[in-house]
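> Attaching a single structure in structure tokens format; questions to follow.
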Amino acid sequence: MALLAHRFRLPIALLLLGLLLAAPAAGLIDAYWARTVMLIAILSLLVSGLNVVLGYAGELALGQVALYAVGAYVAGYIGVGLGATDVFLALGAAVLAAVAVGLVTGIPGLRLGGWSLAMVTFFLVILVPNLIDVFEPFTGGTLGLATAVPTLFGAELTGDGLYLLIVAVAAIWFALVRNLLLSRHGDVFLVLRQSPILASVLGVSVYRLKLLVYVIGAIPAALAGALFAMLDGFVAPETFTFALALSVLAASVIGGSTSVYGAIAGALVMQLGQQTLTRFQDWQLVIYGGFLLLAGIVFNRGLAGLWHDGLAAARRRGLLPKAPAAAAVAEGEAELGTLDGAVLRTEELEKSFGGNKALQGVSIEARPGEVTALIGPNGSGKTTLLNLISGFYRPSGGRLMLGETEIGGRPAYRIARLGVTRTFQTPLIPKDMTTRAFVATGRYATHKVGIATALLRLPAFRRGYRADDAEALRLLRLLGIEETADRPVDSLALGTRRLVEVARALASRPRVFLFDEVGSGLDESDLRVLEHAVGMIREAGGTVILVEHNFPLVLKLADRIHVLSQGRLIASGTPAEIQADRRVLAEYTGATDPADLEPAEPRKGGR
Ligand SMILES: Nc1ncnc2c1ncn2[C@@H]1O[C@H](COP(=O)(O)OP(=O)(O)OP(=O)(O)O)[C@@H](O)[C@H]1O
């Protein structure tokens, strides 16, 4: 049954949509319910815009209501003031204006980072009545604006025609946004929400992507505004209140902000609540606040989350058949192929934090087909060096070269695009994503499929998606964790997360790998897998820089070891040379008498 439903979901969805579209004309619903459906469609557009921005990109943008007002007034004004009543013109103009407002508010809001966008958009909502006043000749000020009857190809659009338009626009938006969010772009939005740092490592410009998502979120708000103006025939400032902004936020949380269709569920609850509870108006702020608290505490993934949990529980109990199994990769020994490793060189590299000289005059070279290890006691500057190479810190002096290209001080996402990838001491793992999808995001910058291609699900999108999927599965198999492919990646144990990070790093086929304490937290069998993986990267010609406290692991894996102490390089050499270096061992193990040291059996770690 569930498999059938899965297979025929598109025909079923189209049938339901057809029924909904035909409902008033076929006499299935009366005028009251037709208006209710239209209002739910309009509200769900508004909520959907917030879901894209808040649920996917993690930016609290409260300005949906302001963009809704822009859509309503622009569509209203061009009809009355300019005589342009055609619905396509009205919708197009509304979207253009909202995108412009989105850019004007988003650019400073997002440049400043932190909570700036929330603040900017909060004030935008507060300012709406004043702006309506300032632009009185266009908006009608406090008296409001009576709009013209919309037309389609010259014919007036009212009653059932308007109903068809509103429901169809909402349906088209949801189809497009579904295509976008259930693509690699949507996966990368989720990564961005969880960790802008990780997004940069995937080669994503955090600022540009956030701006793009914010502007995409403005589109349904503008459509909703224009449709509302057409439905009511009148636009007035009282509609665009802060209470409405809160109700949109509450609907987003109730429906589940990280869900495509949660917006419809949230809008349905809000609209029906408003219509059926007579005291709703008096208590609306308390009710919205209550909803937000309830949703935050009891079901923080909203109604959509409850729905998915219910399906999963029913599958576990055998009430529903299991979800279709993951597509398998072609059988055969998984191999890495050839990697185009590059020489990574630091020349007299310096980094200071105020008076603290974290790195002083560090010169090392990491070559393709070799593992270069960095060791040293806590606070010696190892992670600082990785942060400089991957672009999270700017060098205070010296040079950083990738091949013949100077990369010191370039933004992290540009360095990632040049082929430098990394893992983190504490693995950065997103929520609401399967392991396979997460590993596939490693290919986002290198195997990009355009947004328009994804929106329209063109053949290139399907090919790219399948190739990403197969490659992710192949890499998971290579690391012996194929069975985690369809599990939520944030449900995995620490050791497995580290291996997943290695798979994600491999997915971009980088030139240089920076592994930050990738061995810590791994059990014996995971460690063997890791050793095998690092060995494969070396054989394939990749350049590996390994920061590691597990000294025996370093001795096993490294071709060359550099030892840092208090930000300075105190020794460099082969594992045998380092193992025999008494000064290093004294520094590294903290022993006071070098004679006590047993070079043949190095102590584990420097902690
Ligand atoms: N963002 C920062 N701001 C200020 N000081 C910093 C910053 N990052 C690192 N440091 C300082 O730089 C020095 C080197 O730290 P770093 O984290 O690179 O050492 P590490 O060798 O990686 O240590 P561990 O093994 O504990 O990870 C320390 O004194 C640390 O306090």
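> Nearest 0.05, what FRET efficiency do Glu347 and Ile197 give at R0 = 22 Å with Cβ-Cβ as r?
Working from the Cβ atoms, E equals 0.25.
> Would you work out if segment 107-213 is rounded, prolate or oblate? Take a ≥ b ≥ c from the square roots of the eigenvalues of the alpha-carbon gyration tensor; rounded if a/c is under 1.5, else prolate when a/b is larger than b/c, oblate otherwise.
oblate
> If eta is 1.002 mPa s and T is 20 °C, what Stokes-Einstein diffusion coefficient results for segment 344-485, Kirkwood Rh from Cα pairs, in µm²/s?
Approximately 122 µm²/s, per Stokes-Einstein.
> Percent relative contact order of segment 1-148, based on C-alpha pairs within less than 8 angstrom and at least six residues apart?
That works out to 21 percent.
> Determine how many Å³ per residue the convex hull of the Cα atoms of the chain encloses.
So the per-residue Cα hull volume is 187 Å³.
> Here's a follow-up. Need one number: nm distance between label points at Asn356 and Leu131, each 7 Å from Cα along Cα→Cβ, rounded to one decimal.
A separation of 4.3 nm, rounded to one decimal place.
> Can you run phi through the Karplus equation (6.51, -1.76, 1.60; θ = phi - 60°) for segment 508-517 and list ³J(HN,Hα) in whole Hz, with x for Gly and Pro?
Couplings: 7, 6, x, 8, 10, 10, 10, 10, 9, 6 Hz.
> Order of Met401, Met270 from fewest to most other C-beta atoms within 10 Å?
Result, fewest neighbours first: Met401, Met270.
> Output the relative contact order of the chain, whole-number percent, from Cα pairs under 8 angstrom with separation of 6+ residues.
Once divided by the residue count of the chain, the mean separation gives 16 percent.
> Say the dipole of segment 431-491 comes from +1 at the beta carbon of Lys and Arg and -1 at that of Asp and Glu; which of Gly464, Ala437, Leu476 then lies farthest toward its positive end?
Farthest towards the positive end: Gly464.
> A follow-up question, please. Can you tell me the convex hull volume per residue for segment 381-457, based on C-alpha atoms, in Å³ to the nearest whole number? It would help to have the intermediate numbers written out before the result.
Numbers: hull volume 9.8 nm³, N = 77.
Cα-based convex hull of segment 381-457, divided per residue, equals 127 Å³.
> Still on this structure: Below 15 angstrom from the Cβ of Asp559, what's the summed charge of the other residues (Lys, Arg +1; Asp, Glu -1)?
Net local charge, Asp559 excluded: -2.
> With 10 angstrom as the radius, rank His562, His549 by how many other C-beta atoms surround their C-beta, starting from the fewest. Numbers along the way, then the final one.
Values: His562 25, His549 19.
Ranked by crowding around the Cβ, least crowded first: His549, His562.
> Rank the residues Ile415, Ile570 as a footprinting-exposure proxy: fewest other Cβ atoms within 10 Å of their Cβ go first.
On the way: Ile415 27, Ile570 16.
Ordered from fewest to most neighbouring Cβ atoms within 10 Å, Ile415, Ile570 come out as Ile570, Ile415.
> For the chain, which span is the longest to avoid every loop-located (per DSSP) member of GluC sites (Glu not before Pro) having at most 16 other Cβ atoms inside 10 Å?
1-330
> If you look for lysine pairs in the chain that are eight or more places apart or on different chains, how many of them have Cα atoms under 26 Å apart?
9
> What is the magnitude of the charge dipole of the chain about its Cα centre, with +1 placed on the Cβ of each Lys and Arg, -1 on the Cβ of each Asp and Glu, and no other charges, expressed in debye to the nearest 20?
420 debye
> Which value, in Å³ per residue, describes the convex hull spanned by the Cα atoms of segment 30-249?
Considering the Cα atoms of segment 30-249, their hull volume per residue is 112 Å³.
> Among rounded, prolate and oblate, which fits segment 511-584 when a ≥ b ≥ c are the square roots of the eigenvalues of its C-alpha gyration tensor, a/c under 1.5 means rounded, and a/b larger than b/c means prolate?
It is prolate, given that a/c is not under 1.5 and a/b is the larger ratio.
> Next up: Once phi is turned into θ = phi - 60°, what whole-Hz ³J(HN,Hα) does the Karplus curve with 6.51, -1.76 and 1.60 give for every residue of segment 576-584, x standing for Gly and Pro?
5, 5, 5, 5, 8, 7, 5, 5, 4
> Can you give the helix-only mean residue ellipticity at 222 nm for the chain, where every DSSP H stretch with n ≥ 4 adds -39500 (n - 2.57) and the sum goes over all residues, rounded to the nearest 500 deg cm²/dmol?
So the helix-based figure for the chain works out to -17500 deg cm²/dmol.
> Mind listing the phi-derived Karplus ³J(HN,Hα) values for segment 414-429, rounded to whole Hz, using 6.51, -1.76 and 1.60 with θ = phi - 60°, and x for any glycine or proline?
Using θ = phi - 60°, the values come out as 6, 5, 4, 5, 7, x, 10, 10, 8, 10, 10, 3, 9, x, 8, 10 Hz.
> With the cut-off at 1.5 for a/c, could you classify segment 431-491 from its C-alpha gyration tensor as rounded, prolate or oblate? Working shown, then result.
On the way: a/c = 2.47, a/b = 1.81, b/c = 1.36.
Prolate, since a/c reaches 1.5 and a/b exceeds b/c.
A short reminder: the numbers here are calculations on the coordinates, not readings from a lab. These numbers were taken from a predicted model, which means no experiment stands behind them. We place every Cβ from the backbone using ideal geometry, glycine too, and count neighbours over all the protein chains shown.
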